[in-house]
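Asker: Next up is a structure, given as structure tokens.
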């Protein structure tokens, strides 16, 4: 591969219809649910606009180099993750296998999140929205107790959707409505990935572009809502003091890393369907920048809506206090408005302090409502749904919002499934004559059957576990070995010649420095910091327990030992593939060298393997 | 004559004042929020509205006990504030200076709550009888849950798409197989009719085929 690689003779390898499809697929894979529900949250808790500084530094020194590395690797070797790493060196084949295992684990739980989105979507066609009112209790004298003590939105999420148990050890039964939605989601994934990139390439036009349309609509709507400007000011006001906290830098680095969907093997698979003479450097920079811009663009409507919700909650708080005061003192209606509330309160407090104390008024503080930050499923299914009820025409907004979330998640699923599908196709698990449709059908069916355990009543606790352990540490380990493998085992000189051949120009010094020193070092630091932070306290989770004294606050619980063992297994399984495969090849090599009749092939040979 | 009349009136007035006061026995507090309910179309609460209220309560009592002894004058209002809130009692004209038991009044109001609300263009929240709870109306539930219908539509579309793609894939596969077998047959046919690399049809042509070897040799010799 040091000289110009031969143009592969087999046209049997599928290829993209056009360059735009490829770029759109990479963008779709990178832009996912995290851009909408994790980035704005991080911005909010880490000092608003100041968070952009560590974010862009991480993008420059970690995100873009790793992305370029993966795309160049896939394009150059024209193989999926397992095949590509086997080609680089059989000892590094474990990196590809590790990527494959992570893709499998993530696909399983990611589609279950989409199941919840689908459930909310099909429930958005009702009037009134089912999460806006509490159901009545048995004798119709009041509202359902669990719903009354928390809110209708919380009740719909925890009881009607998840039907959650108070403890992870109590599994409960399978929830039939979630099974139906899960089957639908896997059917949609099968429909779109049935023939690999032939079908995903067509589907991606819709699923990658549609979220931008909806985000724009929400942006326009969000900016017209009252209180939107408060939310935006709160989000973007920079607080440079937060940069002194190392946690901020760690969060920025991990966010960039997971946001770009690195180390899944999906990007390598996408790039492998490219023609070899393609400018992968420009592609990498484009995809990374579009991903970050999308995160910023998405945070504007999210924060407008959160500001609107905080303002409405603040007004509700004030109104409730005003009503109590008016009723207690028998003052005429509309004598106390929101504007003169503070002057009235001070006047009444000075003249009738005991009466005011007896009313037990809640202190209403807008800042307090703005400070209530949520990320992840809580943002989408609790906070946003509550805000949607307050908007006029809530059904339309709910439908749009959930379709947007679904397309964001679906385009990321395409990348995940491609990361599973392409290596299996190359390993020739099934015979060549069998159609591709069969392999994708088998993958989707087996994944559906395994994912059924997430539809148990304790399913959402398990999804949190998968998210925290399978989708975090292994990726860092695999990415580290990727960079080390290309920079020091394959050698940067060789790789830069290949990239030069593909892009047509010499490799910039920036790539040399980041691939050789900065990115591996950064990954190592992030990995150490991440593991240290996780080890500091025993792994715990918050459970929804109606019988808890502090209800509706969630109860903090520690994982039982068998669950902790599963967490360790999930995190270790992909990582352990790397040394296992290397060991396996070492043993095979030693056995062959003992056999005198056998001529050992070159270990680092990749010339003949390029196809 | 006049003096006895004045005396009875004052006695009645004092008795009424005794009967209707805040937290009296069998008295209920009413709280009305007209501006909240009607906004710009709000009417003012005056003596006429009070008269209507007394009439509605008397109507409720009559309907409940189905004897026509309750008169408008039996309903006493007092302590009207700016809020608008006031207390009322229903006196029993058959027994002097006593009030109808609170449970009867409560039951009567409950039975006719809807009529009373609509007379004032208000609802349970804006015309509040404190101490009288209202029965909550059950939410409207359609026979088949709406989400099942939507789900059915979505699923049908997806299954149709999958079937279409699989069928078109099988057809393409068959066409490709047919094409490749045709191509093989064509190649075989061509092989059969080749002799020395020249198709037999060409050899049958009258013009013949120039043998390039001899043509080149001719030029070496001088022409005769």
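The values are calculated or read from the model by the stated rules, or taken from the named source; none is laboratory data. What you see is a predicted model; the values in this text were computed from it and never measured. Methodologically, a virtual Cβ is constructed for each residue, glycine included, from the backbone with ideal geometry; neighbour enumeration extends over all protein chains shown.
Asker: Could you list, in sequence order, the residues of the range A:127-141 that are touching a helix residue (DSSP H, G or I) at 6+ places or on another chain (Cβ under 7 Å) and closer than 21 Å to residue A:382 by Cα? Explain how you work it out, then say what you get.
Answerer: We begin by selecting, within the range A:127-141, every residue touching a helix residue (DSSP H, G or I) at 6+ places or on another chain (Cβ under 7 Å); these are A:127, A:129-135, A:137.
Result: A:127, A:129, A:130, A:131, A:132, A:133, A:134, A:135.
Asker: Tell me the helices (runs of 4 or more DSSP H) entirely within the range B:1-99 that contain at least 1 residues that are in contact with a helix residue (DSSP H, G or I) (Cβ under 8 Å, 6 or more places away or on another chain) and at pLDDT 85 or above.
Answerer: Filter on the range B:1-99 gives B:47-65.
Asker: Here is a further query. Can you name the number of the only condition in (1) outside any helix (DSSP H, G or I); (2) away from every other protein chain (no Cβ under 11 Å); (3) free of Cβ contacts under 8 Å to residues at least 40 places away in the same chain that residue A:139 fails?
Answerer: (2)
Asker: Same structure again: Suppose we filter the range A:118-136 for residues that are assigned to a helix (DSSP H, G or I), within 26 Å of residue A:545 (Cβ to Cβ) and at the interface with chain B (Cβ under 7 Å from one of its Cβ atoms); how many remain?
Answerer: Total satisfying the criteria: 1.
Asker: Does residue A:462 satisfy the criteria of being without any contact (Cβ under 8 Å) to a residue 12 or more places away in the chain, part of a helix (DSSP H, G or I) and within 20 Å of residue A:164 (Cβ to Cβ)?
Answerer: No.
Asker: If residue A:156 meets every condition in (1) farther than 30 Å from residue A:22 by Cα; (2) crowded, with 23+ Cβ neighbours inside 10 Å; (3) more than 14 Å from every other protein chain (Cβ to nearest Cβ) apart from one, which number is that one?
Answerer: (3)
Asker: Another question, then. Could you give me the residue pairs with C-beta distances under 8 Å whose first residue belongs to the range B:35-46 and is under 13 Å from residue B:83 (Cβ atoms), whose second residue is exposed (fewer than 14 other Cβ atoms within 10 Å of the Cβ) wherever it lies, and which are 6+ apart or on separate chains?
Answerer: Hits for this filter: B:35/A:334.
Asker: Given (1) within 14 Å of another protein chain (Cβ to nearest Cβ); (2) under 30 Å from residue A:135 (Cα atoms); (3) touching a residue at least 12 places away in the same chain (Cβ under 8 Å), where does residue B:121 come up short, assuming only one miss?
Answerer: The single condition residue B:121 does not satisfy is (1).
Asker: So which residues in the range A:245-266 are over 30 Å from residue A:424 (Cβ atoms) and part of a helix (DSSP H, G or I)?
Answerer: A:246, A:247, A:248, A:249, A:250, A:251, A:252, A:253, A:255, listed by residue number.
Asker: Which of the residues belonging to the range A:43-56 are modelled with pLDDT of 90 or more and within 21 Å of the chain's Cα centre (by Cα)?
Answerer: A:51, A:52, A:54, A:55, A:56
Asker: Related question: Being at pLDDT 90 or above, away from chain B (no Cβ under 14 Å) and farther than 30 Å from residue B:163 by Cβ narrows it down to one of A:243, A:232, A:213, A:219, so name that one.
Answerer: Details: A:243 fails: at pLDDT 90 or above; A:232 fails: at pLDDT 90 or above; A:213 fails: farther than 30 Å from residue B:163 by Cβ.
Only one candidate qualifies: A:219.
Asker: Continuing with the same structure: Take residue A:509 and decide whether it is over 24 Å from the mean Cα position of the chain (by Cα) and over 25 Å from residue A:245 (Cα atoms).
Answerer: It is true that residue A:509 is over 24 Å from the mean Cα position of the chain (by Cα) and over 25 Å from residue A:245 (Cα atoms).
Asker: Additional query: Would you confirm, using the coordinates I've provided, whether residue B:174 is modelled with pLDDT of 85 or more and either part of a strand (DSSP E or B) or more than 10 Å from chain A (Cβ to nearest Cβ) (or both)?
Answerer: Details: modelled with pLDDT of 85 or more: yes; either part of a strand (DSSP E or B) or more than 10 Å from chain A (Cβ to nearest Cβ) (or both): yes.
In short, yes.
Asker: Inspect the range A:163-181 for any residue being under 13 Å from residue A:544 (Cβ atoms) and within 14 Å of chain B (Cβ to nearest Cβ) and give the result as yes or no.
Answerer: Residues of the range A:163-181 under 13 Å from residue A:544 (Cβ atoms): A:163-168, A:170, A:172.
Now restrict to residues that are within 14 Å of chain B (Cβ to nearest Cβ): none.
Taking every residue of the range A:163-181 in turn, none turns out to be under 13 Å from residue A:544 (Cβ atoms) and within 14 Å of chain B (Cβ to nearest Cβ).
Asker: Which members of the range B:81-109 meet the condition of being within 14 Å of another protein chain (Cβ to nearest Cβ) and surrounded by fewer than 18 Cβ atoms within 10 Å (Cβ to Cβ)?
Answerer: B:81, B:82
Conditions (1) buried (at least 24 other Cβ atoms within 10 Å of the Cβ); (2) at pLDDT 90 or above; (3) more than 14 Å from every other protein chain (Cβ to nearest Cβ), marked per residue:
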{"residue": "A:77", "(1), (2), (3)": "yes, yes, yes"}
{"residue": "A:80", "(1), (2), (3)": "yes, no, yes"}
{"residue": "A:85", "(1), (2), (3)": "yes, yes, yes"}
{"residue": "A:89", "(1), (2), (3)": "no, no, yes"}
{"residue": "A:97", "(1), (2), (3)": "no, yes, yes"}
{"residue": "A:101", "(1), (2), (3)": "no, yes, yes"}
{"residue": "A:105", "(1), (2), (3)": "no, yes, yes"}
{"residue": "A:108", "(1), (2), (3)": "no, yes, yes"}
{"residue": "A:116", "(1), (2), (3)": "yes, yes, no"}
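Asker: May I ask you to verify whether residue A:144 is in contact with a helix residue (DSSP H, G or I) (Cβ under 8 Å, 6 or more places away or on another chain), without any contact (Cβ under 8 Å) to a residue 12 or more places away in the chain and surrounded by fewer than 20 Cβ atoms within 10 Å (Cβ to Cβ)?
Answerer: yes
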